[in-house]
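Report on the structure given below.
No value in this document is a laboratory result; all are computed from the given coordinates. A quick note: this is a predicted structure, and the numbers were derived from the prediction, not measured. Every residue, glycine among them, receives a Cβ derived from its backbone with ideal geometry; neighbour counts consider all protein chains shown.
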Amino acid sequence: MSAMDVVKVGRQDDVAVVTLNNAPVNALSHAVRSALQAAFHEADRDDAIRAIVLAANGKVFCAGADISEFDQPPRAPLLPDLLAFMDTLAKPVVAAVGGAALGGGCELALACDARIATPSAGFGLPEVKLGLLPGAGGTQRLPRLIGAAAALEMMTGGEPRKAEEALALGIADRIATPQDLLAEAAALARQVAGEGRRRLSARGMDAGALPGFEEKAAVLVNKHEDADEIAAIIASIRNSFGTDFAAACREEQALFQKLRQGARSKALRYAFFAERRSAHVEGVSPKPEKPIETVAVIGGGTMGSGIAMSFANAGFPVTLIETDEEGAARAQERVGATYDISVRRGSLSAEDKTQRMARISFKAGLDHAAGADLVIEAAFEDMGVKRDIFGRLDAVARPDAVLATNTSYLDVEAIAGFTARPQQVLGMHFFSPANVMRLVEVVRTGKTSPEALARTLAAARALGKLPVVVGVCHGFVGNRMLARRSEQVDRMLLEGATPAQIDAVLTRFGFRMGPCAMGDMAGLDISWRMRKATGRRAPVADALCEAGRFGQKTGAGYYAYPQGARQGVEDPEALKLMEAVSAREGVARRILDDQEVLERLVYPMIDEGARILAEGIAARASDIDVIWLHGYNWPRGLGGPMHYAGEVGPDLIAERLDAYAEQTGDASLRPFERLGEMVGKK
Ligand code: T1G
């Protein structure tokens, strides 16, 4: 694309109009930066021009720096230098912001003399979400505009400020209606030309605000001790109080480059693109021929209710179907009670609750699924139940309806075989709680049609979910990999590790909760029932269940929960039980060091991910990472298991797995021979 395509230059009488035109989000690529510099320079030299308006085509004003350029050598003009160049112009520049101005896009607007915004516009500095700080003067210009404390909150939260709030803060000078935006911007530009430029770089800081800022900074440092970007933002804003503008910008740039080259930012940028890449499915159109408009959910239990709420929250009419009137009434109560929790928390208004409830009709009998474009079965995890429901649904549902099962591990090929329309059957594996977790594993069979997939993926995205397409195998992708970790948890407990040690290792790694505490919270009896159904053993977990220790719900599991406490405490009874199981199994207990515990928790999952990729169950390594980031809370600053494997090095992982297989005699730890080839599969 030639430089002039990505930036267009026009004029309104004596005002030059420079328009960003780099679809889809006006990212400030090298071509855009070069064209902007040329256009500003040209306008500044043109005697017929009094002022400049910076506008943008498309729904996004500017999404900031082109993140895909960060792993390449920087090319001049760098964004900070372009904004410094704008400071040297004789003529003022006014930003006409009709959409989101984010990151470098917001900094570009801050380098203008004024900003006019439409009601749908927004201003944000989300660099913190990429493990960065604003690196084009934002940490110096924004505090000068709205004060250090407000700027600190905006940069460390990373959330945009909508136009009205931006006006109140002083980021936006005026709000314009979309059709008047350019004209009003031109008028303001002329006004500023008459009054003199309003360079933020020339403004001083209110030193009296420093104590308030320091107070907020201290809280943030404690809360985010592992996020270097937070410390960098604080340090750079602190510079705005004392160091001169240019020197502070140089220091900001040094901090930015250090973060950009760090593993944390690399992982966060990887995650940003991985989430977007997972939306592209080979052979499947991003836009279906016939979008899903109405939905029926079979089963009003925890999952069915959560799924129905997800659709109602997104504005879809939903029929939630139970077997009888009592079941339908119970489902209605469950949904109402769940919404009430959000109302009590203040995250949902009473009228929103009423509106959302009104979108769900609670019915008894499968016939009520007749009008739905998409029917999602969320009934009991039993093949007999699935056979009955899908057999009857086939007769009841519209011929073109998509029939989805929410099963978390049953064979979707077999379920499709219960119908005469296998091309319209697939899995939608929601993660609990379904109205909160973004991940949906969309399970395609060998017969699922591209249109059925396209319709389902578009519907999932309309819910704000992150659908990832996976193939059919036991546990699909996430749970199949989790099973490898769970096996090692049980084996290490047998060999001498304790629940507290295992959980501490994984929480220090970055997970919010360890596997033993998670098991106690979910209920150990659930996986116990599945192991018995599939003939698999987990000696320690089985023994806990045989002793009636199901976890929090029974007051004891891996931990004890005195007086129904939610936080478990180490329980000598549980440790005694584990010692007895070790003796019974003939396993001599030993001390395991934390590194071994971590590697045996994480590396087998990575190994399973490689096998999954080799089998074609997942298309890309980054799809697996999206599943783990959004289904299992993998620490985002580590990118995902497959990204982490690339950072650690697959050869080292294979070597460690071999060593543990030797040491423990557990052949299941032997590494997959194609591990290295699969870890970075695109
Ligand atoms: N750079 C490169 N590509 C980008 C991009 C960016 N900044 N933003 C989006 N894309 C791509 C995205 O990968 C996707 O590609 C397509 O555009 C549509 O995106 C110096 C250092 C703006 C709210 O963090 O938040 O500036 O999949 O699906 O849902 O201080 O994109 O089509 O091939 O997300 O309408 C800071 C990131 C950068 C904003 C639009 N900026 N972007 O959401 O579309 S660092 C950000 C977003 C920086 C300076 C610092 C969203 C959006 P593809 P999309 P959307």
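Before moving on, here are some points about what is shown:
- Taking other Cβ atoms within 10 Å as a rough exposure proxy, Phe380, Phe70, Phe511 sort from fewest to most as Phe380, Phe70, Phe511.
- For the chain, share of DSSP beta bridges that run antiparallel, in % to the nearest 5: 25
- Positive contributions from Lys and Arg (+1) and negative ones from Asp and Glu (-1), summed over other residues with Cβ under 12 Å from the Cβ of Gly131, come out at +3.
- Distance between the C-alpha centres of the range 383-424 and the range 113-165: 49 Å, rounded to the whole angstrom.
- Taking Cα centre as origin and charging only the Cβ of basic (Lys, Arg, +1) and acidic (Asp, Glu, -1) residues, the dipole magnitude of the chain rounds to 660 debye.
- Cα-based Rg of the range 497-589 normalised by 2.2 N^0.38 Å, two decimals: 1.05
- Inverse of mean 1/r across different Cα pairs in the chain, Kirkwood, Å: 28.0
- Counting beta carbons within 10 Å around each of Ser432, Ser486, Ser408 and listing the fewest first gives the order Ser432, Ser408, Ser486.
- Along the axis of the charge dipole computed for the range 197-335 (Cβ charges of +1 for Lys and Arg, -1 for Asp and Glu, origin at the Cα centre), the listed residues Phe256, Gly299, Ala331 are led at the positive end by Phe256.
- In angstrom, the C-alpha Rg and Dmax of the range 295-470 are 15.1, 47.
- The residues packed around Arg344, meaning those with a beta-carbon under 14 Å from its beta-carbon, carry a net charge of 0 if Lys and Arg are +1 and Asp and Glu are -1.
- Within the chain, helix-based [θ] at 222 nm, where runs of 4 or more DSSP H residues each add -39,500 (n - 2.57), nearest 500: -15500 deg cm²/dmol
- Compared with the dominant Cα axis of the chain, that is its longest principal axis, helix 148-157 is turned about 40°.
- The chain, relative contact order in percent, only Cα pairs under 8 angstrom and at least six apart counted: 9
- Within-14-Å neighbourhood charge of Lys363 [Cβ basis; K, R +1; D, E -1]: -3
- Inter-part distance, the range 166-239 to the range 252-293, computed on C-alpha centroids, equals 28 Å.
- Surface/4 estimate of mean projected area, convex hull on alpha-carbon atoms of the range 293-381, nm²: 5.3
- The packing ranking, built from the mean of other Cβ atoms within 10 Å per residue, places the peptides 362-374, 321-333 in the order 362-374, 321-333, highest first.
- The charge dipole of the range 497-589, taken about its Cα centre with unit charges on the Cβ atoms of Lys, Arg (+1), Asp and Glu (-1) only, comes to about 320 debye.
- Report note on the peptides 640-646, 36-42, 395-401: ranked by the mean count of other C-beta atoms within 10 Å, highest first, their order is 640-646, 36-42, 395-401.
- Here's how it looks for Ala95: its modeled amide H is under 5 Å from those of Leu54, Asp113, Ala114, Arg115, Ile116, which are all 5 or more places away or on a different chain.
- Angle between the chain longest axis and helix 450-462 axis [Cα atoms, degrees, rounded to 10]: 70
- This model, with +1 at the C-beta of Lys and Arg and -1 at the C-beta of Asp and Glu, gives the range 577-682 a dipole about its Cα centre of some 300 debye.
- Karplus 3J(HN,Hα) series, Hz, for the range 483-488 with 6.51 cos²θ - 1.76 cosθ + 1.60 (x for Gly, Pro): 4, 5, 5, 4, 4, 6
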